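Below: the structure, in structure tokens.
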Amino acid sequence: MDTRWLYLALIALVALERLFELARTRRNLARLRRRGGYLVGEGHYPWMVLLHTGLLVAAPLEVWVLNRPLLVPLAAVATLLVLATMGLRYWAISTLGDRWTTRIVVVPGEAPVEGGPYRFLRHPNYLAVLVEVAALPLVHTASWTAVAFSAANALVLRARIRAEEEALGETSDYRERLGAKPRFLP
């Protein structure tokens, strides 16, 4: 069997997952707005959407066009990393509950979430994204995609985290509660 088809199926599953996340974002955004929440730091968002969409196109494209081989040891490690990132991502999402969106939304006066993975890190979901963007292409040796999109993702996340932390610091006691915790690594 041509393993590129299996890889394409994996990418399709990740794309489907992203569509479910966008639906959840719409529902949660409506709930947050009813509680007085508003969007901040929107300048990076189109770039983030482009990056994540581009990753799901570029990785299989590199695999097919450049006939990238499946290297079983690399595929095994990368797949385990992708699964771990999904576990961390959904732990963060379930901890945030209806406060989770793909956008930055603040509700003035609401205390920051400190449970789940937020006991250890300020940005566990972003850690998951950083690892996933590197690991997903490497499942089938799409190394150019892994490097290029990891670099672009670092720039987008830098802008996003800066905007998010600034907004949370202005509308809650975020700095006092979470400011001393590491961003990504416990």
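Among (1) 32, 16, 15; (2) 27, 17, 15; (3) 32, 20, 13, which one is semi-axes √(5λ) of the Cα gyration tensor in Å computed from these coordinates?
For semi-axes √(5λ) of the Cα gyration tensor in Å, the calculated option is (1).
Suppose the chain between L70 and L19 were pulled fully straight at 0.36 nm per residue; how much longer would it get relative to their current alpha carbon spacing?
Gain on stretching L70 to L19: 15.6 nm.
Long-range amide H contacts for R183: which residues qualify at under 5 Å (H placed 1.01 Å from N, peptide plane, sequence gap of 5 or more or a different chain)?
When sequence neighbours closer than 5 places are left aside, the close amide H contacts are R122.
Since every read-out is calculated from the coordinates, none of them should be taken as a lab result. This structure is a prediction, so every number in the text was calculated from the model and none was measured.
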